[in-house]
Structures are given as structure tokens and as C-alpha cells.
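The values are calculated or read from the model by the stated rules, or taken from the named source; none is laboratory data. As the structure is a prediction and not an experimental result, all values here were calculated from the model. In this analysis, Cβ positions are derived from the backbone assuming ideal geometry, glycine residues included, and neighbour counts consider all displayed protein chains. Ligands, DNA and RNA are stripped out before the accessible areas are found, and what is left, the full protein with its side chains, is counted by its heavy atoms. Shrake-Rupley method; radii C 1.70, N 1.55, O 1.52, S 1.80 Å.
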Amino acid sequence: VKRTCNSMLCVHWVNRKTSARHGVPGENDGPGGRYPGKAGGAPDYVEFVLSTLTRVAQTYRKAGYRDVLSDGTKGGDARPDIYLGQLGDVGAYGYCTTDDHSVTEHVPAPAYCVLDNDYAEFGIAPRSALRATAAHEWFHAVQFAYDLNEDAWLMEATATWIEDQVFDGINDNRNYLPYGPLALPHQSLDLYSQLSQYGSWIFFQFLGERYPSSAGGMPIIVREIWRRLAHDGGVGAKGMYSVEAVRSSLSKRGSSLATELSKFTIWNRRPAAFYDEGAAYRASP
């Protein structure tokens, strides 16, 4: 296993001679090929992963989110770790997790992430697949810095939402709209079932456009919701969970969840009239 790092994080990988299954593409011709890199260094795919994750991490930092917590010397040193391996053959784009799965409390925790070794199996451009996955999965690692065991629907909905905040032109998250409240208005917003939680990203898009005050180019309201879920001496309160944090953030703005859900319904019936990219959304039944 080889390791390529910068000041923020490390990428762990193997070449195809070492592992035909998990090895990364061997292209190493610099900026002119499928993946931009530096000729003669690590494979261009590895360098592209490193630069992409660095851009994502810097974007979240500028928006005021917490950094991913250090895991001490696991993976070699205190920097967060990204591992590359074959995930496409089991249908996974990537995942982030923590080393200690015995923790059940609502506490911050370090994380590491695993991304696919080439994104060749998904039927979309590998660069786009990597970028969307990097934004989504790194946000899970950031979420762990607030609350490792927060409600899963909120974790997935906000991670899917933030893909479009970082890489606006990819729009892969639109594929989940048929499973969320836009297409299924009778369905509970906080449902976690199959793909519903991914489709619920549209609610956070709605909140961000309703309350557009921003930091680092991202709506502050979603960051505030996560701050309210941190039970480690910050603004979060013990016993506060996903829906309560949304409610609290709206109350601060003189509104309520009931009011916003009513407006959300109206926006979803006429998305082209309200959402910035609503012309691309199918109106709610």
C-alpha cells in the first residue's frame, strides 16, 4: 500500500500490478490525460483524488464547518485518511465511517473514508462521479465531528444536498428526487427507507434558498442545524435531534417548522417559479 499526502489529508492506494482488483489506473502523464496530475509522481488518478478532496475540505472550512477530527496516528499520522479500492462491483460509490463502532452516544468522532478506485462501473463520467462522491462522503466525515450517531435521514439528506453546493454543474442528486418529498408529498420528511432520505435533500435546498444568508458561498442555516446537534459543550443541547434542530434554527428566524413545510409544499407544486434550478424539477403531485 502506497500513501500520497499533502498538508490536509492522505490518500492510500495500490497499483494494478499489486492488485488487479483494487489497483488504481496507471496513467501518469500529467495534466493532459483522463485525470490531471503531475507526470512522474503518483498516478494521476491518485493526485486527482487528493486535489479533489482537498478542495472539498477547504470549501467546508471556509463555510464555517468543523474540520474532520484527527484519528491520532492511525493511517500513519494525524491527518485524515482516504483509501481507494474496488467498490463499484458491489454498487457503492464510497463511504465514510469511524474505527470504533461500539460508540452509541451522541458524541464527536474521527473518521476515515473509502472511495472507488476508478469509477468505471457507474455509467457516468468518472470525474463527475468522483467529485460528487467526494463532496457527499467528506461531509459525512464532517458530520461525525458534530455527532457520530445523529439521525441518519438528516445525515444523508444534507450530504446529498451539499453535493450541489460544491459542484453545482454535476446535478447527480436530482436522480433521488423521485424518492423524496418532491415526488411523494404524503411521505414523512424524516423517513429513512431505501432511497427516501437521499431525496429529502430538496428540503435543505428549500431552506437555503428561503434563508440565503451565507458564509463561504453556502447557506448558514444548514451549518446552524448541525451546530445545534453538537453535544460537546457547543451550542447543541442534550436531547436535541434532527427535527428539533431544524425547528430551533427556524425559530431563531421568526418562523416555525409548520410554516416552512406549508411553504415547502407550495414551492414543490411550482418548482420552476420558486427554486433557482426549479425548471429541472418535476412538480409535486
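A 1.4 Å probe, protein heavy atoms only, puts the accessible area of H101 near 140 Å².
Judged by the gyration tensor of its Cα atoms, with axes a ≥ b ≥ c, segment 141-210 is oblate; a/c meets the 1.5 cut and b/c is at least as large as a/b. Placing pseudo-labels 7 Å out from each Cα toward the beta carbon at T54 and S128 gives an inter-label distance of 2.6 nm.
For K62 and A152, the difference between the fully extended length at 0.36 nm per residue and the C-alpha to C-alpha distance is 29.9 nm. Computed over segment 87-140, the convex hull of the alpha-carbon atoms projects to a mean area of 4.2 nm².
A probe of 1.4 angstrom, applied to the heavy atoms of all protein chains, finds W13 with accessible area near 20 square angstrom.
In order along segment 147-162, phi translates into HN-Hα couplings of 7, 4, 10, 5, 3, 5, 4, 5, 4, 6, 5, 6, 5, 6, 4, 6 Hz, rounded to whole numbers, per the Karplus curve 6.51 cos²θ - 1.76 cosθ + 1.60 with θ = phi - 60° and x for Gly and Pro. Using helices alone, what [θ] at 222 nm do you get for the chain, with -39,500 (n - 2.57) per DSSP H run of 4 or more residues, divided over all residues and rounded to the nearest 500? The per-residue figure over the chain is -11000 deg cm²/dmol.
Tell me, what is the percent relative contact order of the chain, built from C-alpha pairs under 8 Å that lie six or more residues apart?
13
Within the straight-line cut-off of under 18 Å between alpha carbons, the lysines reachable from K252 are K263, sequence neighbours fewer than 8 places apart in one chain being disregarded.
For the full complex of protein chains and a 1.4 angstrom probe, list S200, S248 by accessible area with the highest value first.
S248, S200
Distance between the pseudo-spin-label points of L261 and K38 (7 Å out from Cα toward the beta carbon): 5.3 nm. The distance linking segment 150-178 with segment 18-36 is 28 Å (Cα centroid to Cα centroid, whole angstrom).
Residue ranking by accessible heavy-atom surface, 1.4 Å probe, largest first, among V49, V103 comes out as V103, V49. With respect to the chain, whose longest principal axis is taken over its alpha-carbon atoms, helix 44-62 is tilted by about 30°.
In the chain, the longest principal axis of the Cα atoms and the axis of helix 242-252 are about 60 degrees apart. Convex hull volume of the Cα atoms of the chain, normalised per residue: 137 Å³.
By the rule of a C-alpha distance below 23 Å, with chain neighbours fewer than 8 residues away ignored, the lysines paired with K17 are K2, K38. By its C-alpha gyration tensor, with a ≥ b ≥ c as the square roots of the eigenvalues, how is segment 1-151 shaped: rounded for a/c under 1.5, else prolate for a/b larger than b/c, else oblate? In terms of gyration-tensor shape, prolate.
Charge dipole of segment 106-177 (Cα centre as origin; +1 on each Lys and Arg Cβ, -1 on each Asp and Glu Cβ, all else neutral): 160 debye, rounded to the nearest 20.
With no solvent and one point on each alpha carbon, what is the Debye value of log10 I(q)/I(0) for segment 2-50 at q = 0.17, 0.18, 0.25, 0.28 Å⁻¹? Cα-only, vacuum Debye calculation for segment 2-50: -0.45, -0.51, -0.91, -1.06. Based on Cα contacts under 8 Å between residues 6+ apart, segment 213-285 shows a relative contact order of 15 percent.
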